[in-house]
Amino acid sequence: MKGYFQDINEWEHMLEENPTIYEVYAIEQEEKEGDLNFATTVIHPGKVGNEYFMTKGHYHSKSDRAELYLCLKGKGMLLSQDINGNASWVEMEPMRMVYVPPHHAHRTINTGDSPLIFLAIYPADAGHDYGSIAEKGFSKIVVEENGKTVVKDNPKWLS
Ligand code: PAN
Ligand code: ZN
C-alpha cells in the first residue's frame, strides 16, 4: 500500500514490522450479470502517523454497480466519493448496513481500537478498478486529532 497514506516517513518506519493492515475473504462467482459475490473484510486497528488503517478503495470496473456493507464488529467509517471527488461518509457499527451507490469509489477505515469486520455484497460482474484511487486518492482523509476522529480535506488531492 505504498503511497496510500500521507506520512511517508511513518509508512517506511512501519514497514520494519510489516503489520497486516487488512484481510479479505471473498467468495466470488463467475463474472456474470445477475449473480452476487460476498466478501468479509477484517481491518486491523492501527494508524500510520495519525491516519487510521484503511482499505485501498476502488470504483467498480462496471461503475454503475452498487454495493451493500453490513458491519459485524468494531467501529469505522465508509468513505465514498463520486467521479468528481464529492465525498460523503457514514459511521459503521455492528449491525449497521451501509450503501455504496452506483458510480462511487469506496473505502473503509477502522477508527476503533479493535478489528473492524464487515460483510460486503456486490454484483458478480462489478469488478474492481483501483487505478484512479491509487493515483489520486480520495478527496478526504480520516485522521485522529486530539483523541477524536476527524474527516479532513486531503492536502494531496488535485481535483
Ligand atoms: C469489498 C472490498 C474490500 C477490500 O469487498 O474489496 O473491503 O477493499 P479494497 O478492494 O478497496 O482493497 C468491496 O468493496 N468489494 O466490491
Ligand atoms: Zn466494491
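None of the figures in this text is laboratory data; all of them are computed from the coordinates on show. Keep in mind it's a predicted model, so treat the numbers as computed, not measured. Cβ atoms come from the backbone with ideal geometry, glycine included; neighbour counts cover every protein chain shown.
Side notes on the structure shown:
- Couplings for the stretch 116-128, taken from phi via the Karplus curve 6.51 cos²θ - 1.76 cosθ + 1.60 with θ = phi - 60°, read 9, 10, 9, 9, 10, 10, 8, x, 5, 9, 5, x, 10 Hz in order; Gly and Pro are left as x.
- Hull shadow area, averaged, the stretch 61-129 [alpha-carbon convex hull, nm²]: 4.3 nm²
- Each peptide in 143-151, 102-110 gets a packing score, the mean of other Cβ atoms within 10 Å over its residues, and the list from highest to lowest is 102-110, 143-151.
- Normalised by 2.2 N^0.38 Å, where N is the number of residues, the alpha-carbon radius of gyration of the stretch 1-87 equals 1.28.
- Along the chain, the longest continuous region that contains none of the chymotrypsin sites (Phe, Trp or Tyr not before Pro) in a DSSP loop with at most 16 other C-beta atoms within 10 Å is 1-129.
- The stretch 8-153: radius of gyration and largest Cα-Cα distance (Dmax), Å: 15.0, 47
- Only helices enter this figure: runs of n ≥ 4 DSSP H residues, each worth -39500 (n - 2.57), summed and divided by the residues of the chain, yield -2000 deg cm²/dmol at 222 nm to the nearest 500.
- Kirkwood Rh, angstrom, the stretch 30-69 [1 / mean 1/r, Cα pairs]: 13.1 Å
- All lysines inside 22 Å of residue 2 as judged from Cα atoms, apart from same-chain residues fewer than 8 positions distant: 47, 56, 136, 140, 152, 156
- Dipole size of the chain about its Cα centre, with +1 on Lys/Arg Cβ and -1 on Asp/Glu Cβ: approximately 360 debye, rounded to the nearest 20.
- Considering only alpha-carbon pairs that sit under 8 angstrom and 6 or more positions apart, the relative contact order computed for the chain is 27 percent.
- Residue among 76, 146, 66 farthest towards the positive dipole end of the stretch 8-153, charges placed on Cβ: 146
- The phi torsions of the stretch 104-115, fed into the Karplus equation with coefficients 6.51, -1.76 and 1.60 and a -60° offset, translate into couplings of 10, 6, 9, 9, 10, 10, 8, 9, x, 10, 9, x Hz, rounded to whole numbers, with Gly and Pro shown as x.
- Alpha-carbon centroid distance for the pair the stretch 1-57 / the stretch 80-106, whole angstrom: 16 Å
- Net charge, residue 8 excluded, C-beta distance under 12 Å - Lys, Arg +1, Asp, Glu -1: -2
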